[in-house]
Amino acid sequence: MSNASKENGKNIKASAFYLVGNLFNKALAFFTIPIFTRILTTSEYGISQTYLSWVSILTLIVGLSLGNSIRTAYVDFHDDIEGYMSSIYGLSLLSFLASSALIITGMLIWGDIDIILVICCLVQSYFQFVATAMTTKYMMKVDYIRKTLLLALPNLTIQIIAIFTIMNMHGDKKYFGYIIPYAAIYMVVGIYFVISSFIRGKKPVNKLYWKYALTYSLPLIFHGLSLVLLSSSDRIMITNLYNSSETGVYSLIYNLSMVAMAVTASLEAVWVPWFTRKLMTGEKSTINKNITKYLEISLVVMLCLMFVAPEIVKIMATEQYYSGIYMIPPLVFASYEMYMYTVYVNVEYYYKSTKYIAFNTIVAAVTNIVLNFIFVPLYGGMAACFTTVASYMVSFIMHSRHSRKLDKELFPLKQFAVPTLIFILAIIVAYLLMELWIARWIIAIVGFICYAAYALLTKRFSNFLK
């Protein structure tokens, strides 16, 4: 068997494993929604989701965003990637201890924060960084089995334990039953990876690797924080500017709208190492040829989700959450915008233009926060949906402009125009048919079958994966 055939086979297996792992995670989150929305009040559910938003923010701070440097380090230090991993874990551990001491001291002085909640948040943040860094290494190695297991097993364990702990808790702080399993499981997984990495790599302190990682990653802290603010500040601001019950509704719809990301994340996990290799060998025409299919698959999946999601909400949640069905179209579109602009961000990563990645994303995040301050107090979660769409569009425009400056041969904007226009027209149709569920489901099912038949007849999927 030729090397090309082996690579094709490995890519197809990797895609299948990533898809199964991501679908499993999304399905797990999806099917536990009716459980959590019934054993937690909307306020408790909102608080738990706000907590996870803070975890996303602190993960970047305590980990210094060092995991982002693994993409390029895998190329530059390929023969000593284990040594590099041990060095970034060593550096991040120092950062975690220092930042935890400062934050806990500040919270004790402040005196109005539950210190147990803060400790859980810090612990989960660091060890979640550790696990995420390891999945990045597995992605670059195309070690799809370990990456898939790391995606699925901790999450399964967390959900099972969380259901048990919440149901056996009393009082008005049941959200701790949701939070503590997250912190505990990630701590166990993270400690294992840190210790094993120190043993294999033997370079927890390496000035060369530390300098490389910090030079590459520090600007990406601001990029990462801005991304988190783009995806999570809505929930934090709805809680503070409107009410935590509205946050619960918004969080449910947001999580449902991101179900399609199981497919997009699976594609991206194979696309990134493939894209890196092709760009290294100058095969830009091959990259441009495949980006249309890359965008097309996710477009079909997300449109189908948008048309059937209202009834899924009614099945999976109580009437308290039904007001959120009108949030579905803009939030699904926002997830597609996110998917589109990461295509350009990957170009910026390749050319190590991390300062511009950070700047562009900061502008989008600030746009989101300003718009939320204006509209969320007036219109609640619905306003947050459309401010998210506007902010992601700003991000797409800025990243695309800078990426085109770095390499004008990659990804002409016209390749993104058609799917964007199709999505906007579909949103209009979805709103017009919001009360006509049979019409929406017929459109989704018939549309998906027609596309699947077309893809099979033209071998579009197999050719794309190869």
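Computed from label points 7 Å out along Cα-Cβ, the spacing between ASP407 and LEU97 is 4.1 nm. The Cα-based radius of gyration of the chain, divided by its Kirkwood radius, gives an Rg/Rh of 0.95. For the stretch 110-242, the per residue solvent-accessible surface stands at 47 Å², with DNA, RNA and ligands left out and a 1.4 Å probe. Calculation over all alpha carbon pairs of the stretch 54-200 in 10 angstrom steps from 0 returns a P(r) of 11, 37, 33, 15, 4, 0 percent. Within the accessible surface of the stretch 89-209, defined with a 1.4 Å probe on protein heavy atoms only, the carbon and sulfur portion equals 73 percent. By a 1.4 Å probe calculation restricted to protein chains, HIS402 has an accessible surface near 20 Å², given to the nearest 10.
Overall, the stretch 121-246 carries a charge dipole of about 760 debye about its Cα centre when +1 sits on the Cβ of Lys and Arg and -1 on the Cβ of Asp and Glu, all other atoms neutral.
Length gained on full extension, PHE373 to LYS414, computed as 0.36 nm times the residue gap minus the Cα-Cα distance: 11.4 nm.
The mean sequence distance of close C-alpha pairs (under 8 Å, at least 6 residues apart), as a share of the length of the stretch 318-419, puts its relative contact order at 39 percent. Projected label points at LEU432 and ASP114, each 7 Å from Cα along the beta carbon direction, are separated by 4.8 nanometres. Approximating the spin labels as points 7 Å out from Cα along Cα→Cβ, the ILE397-to-ASN243 distance works out to 3.6 nm. Remark: relative contact order (the stretch 355-412) = 39 percent; criterion is Cα-Cα distance under 8 angstrom and separation of 6 or more residues. Gain on full extension, evaluated as 0.36 nm per residue between VAL366 and ASP172 minus their Cα-Cα distance, stands at 66.4 nm. With a 1.4 Å probe and every protein chain left in place, tell me how much accessible area ILE116 has, in Å² to the nearest 10. The value for ILE116 is about 90 Å². Using the rule -39500 (n - 2.57) for each DSSP H run of four or more residues, divided by the residues of the chain, the 222 nm mean residue ellipticity is -30000 deg cm²/dmol.
Using the structure shown, list the pairs from LYS289/LYS414; LYS147/LYS207; LYS203/LYS278; LYS137/LYS211 with a Cα-Cα distance above 23 Å, or answer none. With Cα atoms farther than 23 Å apart: LYS147/LYS207; LYS203/LYS278. If the chain linking ASP80 and LYS355 were pulled fully straight, counting 0.36 nm for each residue of separation and taking away their Cα-Cα distance, it would gain 96.4 nm.
Over the stretch 100-219, Cα pairs under 8 Å with separation of 6+ residues give a relative contact order of 28 percent. Solvent-accessible area of the stretch 299-400 (1.4 angstrom probe, protein heavy atoms only): carbon and sulfur portion equals 76 percent.
In Å², and per residue, what accessible area does the stretch 401-453 have when probed at 1.4 Å with the other protein chains present?
Numbers: 3400 Å² over 53 residues.
Here the per-residue accessible area is 64 Å².
Estimated from the Cβ-Cβ distance and a Förster radius of 51 angstrom, the FRET efficiency linking ASN255 and LYS289 is about 0.90. Taking Lys and Arg as +1 and Asp and Glu as -1, the other residues whose beta-carbon sits under 15 Å from that of PHE359 total +3.
Looking at the stretch 323-370, the accessible area is 28 square angstrom per residue; that uses a 1.4 Å probe and ignores ligands, DNA and RNA.
The values are calculated or read from the model by the stated rules, or taken from the named source; none is laboratory data. Bear in mind that the values here come from a model prediction, so they are computed numbers and not experimental data. Using ideal geometry, Cβ is built from the backbone for each residue, glycine included, and neighbour counts are taken over all protein chains shown. The protein model used for the area step is the full one, side chains on, heavy atoms only, and it has no ligands, DNA or RNA in it. Shrake-Rupley method; radii C 1.70, N 1.55, O 1.52, S 1.80 Å.
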